[in-house]
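The values are calculated or read from the model by the stated rules, or taken from the named source; none is laboratory data. Predicted model, so just to flag it, every value in this text is computed and none were measured. Quick reminder, even Gly has a Cβ in these numbers, built from the backbone with ideal geometry, and neighbours come from all protein chains shown.
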Amino acid sequence: MNTFRAIVFSSVIAGFVVGAIVTVIQHFGTVPLILRAELYEKAAHHDHAATPDARDGVAAAHSHEDHEHAEAWEPGDGFERNAYTAAANVLTAIGFAMLLAAIFAMRSGNAGGRISWHEGMIWGLAGFAVFTLAPGLGLPPELPGVPAAPLLSRQIWWVLAAATTAGGLGLIFLRRSLPASIAGLILIVLPHVIGAPELDHVETNVPAALSHQFVVAVTMTSLTFWFMLGGVTSAVFARLDRDNPETLPG
Amino acid sequence: MAHTEATHLPVTASRVSRLPQSLMAMMLGLFIVGFVGFSHIDVVHNAAHDVRHSNAFPCH
């Protein structure tokens, strides 16, 4: 199997496995918090008194017509919504696995050796730092119903934080020289010195305790996701890449 | 297993192609993540809504 196919196949396999597991974790971890926050979000749209009681909330959650995004299609609550969440999780996992497997291909290609699943998990940890930790410091995981700066500005900052952190970590851990390490550290700190876009004044009736719980749930789910993705992708990739004529020890 | 001289040459030649293939796969992976997590298309946003929030991708 050539390199590209080995990367894609191992990513698809790892993506299905890890995406499915993470969907189950989210189902009990983050999704219930999102649904609860949506009750507050919808209550605010309804111009009800500040806090909805639970029964009102459940009724509101099912009347999607009142939602601000009502013009566009959205999956119905329950099975349909969960199915789309699972599909999106699998796709996201496949995409991120391709980044990891591509790195494994480059690393094992250069060294002529194989990436172990343990080394894969360390690369997973790097993915967690790049895609969750760094962007999350400036833009903490947010629940629905919490107002935030314009979407595009936050997306640009998010991508900037992820890119500079990836570059910075690469300079520090792959170059292993003092100047490169200093440059790497500056790169990692840079987006946080610039600062993430935020609103001057945020008013929400989503309780702070719920938001805090969500930050913890997202961070831990993501850490689990990246460890699993790193381990599984490297194990499957090493297997598919074993008979690659491009990497036979020379 | 012993490797003969003959197997060495093509290996060295094709190892060069490993980098572009890896970079291509990387672009594809970034495209998939970008489409699922960063799309401004309402329907895509709504379908992946809970995943965007759960992954701390910017949403709404």
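A few notes on this one:
- Qualifying positions in segment A:127-155 - within 8 Å of chain B (Cβ to nearest Cβ) and assigned to a loop (DSSP other than H, G, I, E, B): A:L139, A:P140, A:P141, A:E142, A:L143, A:P144, A:A148
Each row is one residue, and each column tells you yes or no for (1) charged (D, E, K, R); (2) under 25 Å from A:S11 (Cα atoms).
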| residue | (1), (2) |
| --- | --- |
| A:A161 | no, yes |
| A:L171 | no, no |
| A:L174 | no, yes |
| A:L178 | no, no |
| A:A208 | no, no |
| A:F214 | no, no |
| A:V232 | no, yes |
| A:E246 | yes, yes |
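- Hey, A:L187 more than 16 Å from the chain's Cα centre (by Cα) and either surrounded by fewer than 21 Cβ atoms within 10 Å (Cβ to Cβ) or modelled with pLDDT under 95 (or both) or not: yes
- Where A:A49 falls short, out of the listed (1) in a loop (DSSP other than H, G, I, E, B); (2) at pLDDT 90 or above: (2)
- Filtered by the rule that a residue be more than 7 Å from chain A (Cβ to nearest Cβ) and of a type in the set (A, V, I, L, M), segment B:31-60 gives B:I41, B:V44.
- Residues located in segment A:21-48, provided they are more than 10 Å from chain B (Cβ to nearest Cβ), touching a helix residue (DSSP H, G or I) at 6+ places or on another chain (Cβ under 7 Å) and closer than 19 Å to A:F225 by Cβ: A:I21
- With respect to (1) surrounded by 15 or more Cβ atoms within 10 Å (Cβ to Cβ); (2) over 20 Å from the mean Cα position of the chain (by Cα), the lone exception for A:A161 is condition (2).
- The numbered conditions (1) more than 10 Å from chain B (Cβ to nearest Cβ); (2) closer than 23 Å to A:Y40 by Cβ are all true for A:V189 except (2).
- Among the residues of segment A:202-232, the ones that are of a type in the set (S, T, Y) and within 11 Å of chain B (Cβ to nearest Cβ) come to 3 in all.
- Scope segment A:233-250; condition in a helix (DSSP H, G or I) and more than 12 Å from every other protein chain (Cβ to nearest Cβ); matching residues: A:S234, A:A235, A:V236, A:A238, A:R239, A:L240
- Among the candidates A:L169, A:L178, A:L143, A:L151, residue that is in contact (Cβ under 8 Å) with a residue 40 or more places away in the chain and either farther than 17 Å from A:I34 by Cβ or among the charged types (D, E, K, R) (or both): A:L169
- Flag if A:R175 is surrounded by 15 or more Cβ atoms within 10 Å (Cβ to Cβ) and not assigned by TED's automatic domain parsing to the domain that holds A:K42: no
- For segment A:236-250, residues that are touching a residue at least 12 places away in the same chain (Cβ under 8 Å) and buried (at least 17 other Cβ atoms within 10 Å of the Cβ) total 8.
- A:T247 vs. criteria among the polar types (S, T, N, Q), at pLDDT below 95 and within 26 Å of A:A6 (Cβ to Cβ): yes
- If you go through segment A:197-226 and keep only what is part of a helix (DSSP H, G or I), touching a Leu at 6+ places or on another chain (Cβ under 7 Å) and not hydroxyl-bearing (S, T, Y), you end up with A:L210, A:Q213, A:F214, A:A217, A:W226.
- Taken over segment A:138-158, the criterion of being among the acidic types (D, E) and surrounded by fewer than 19 Cβ atoms within 10 Å (Cβ to Cβ) is satisfied by no residue.
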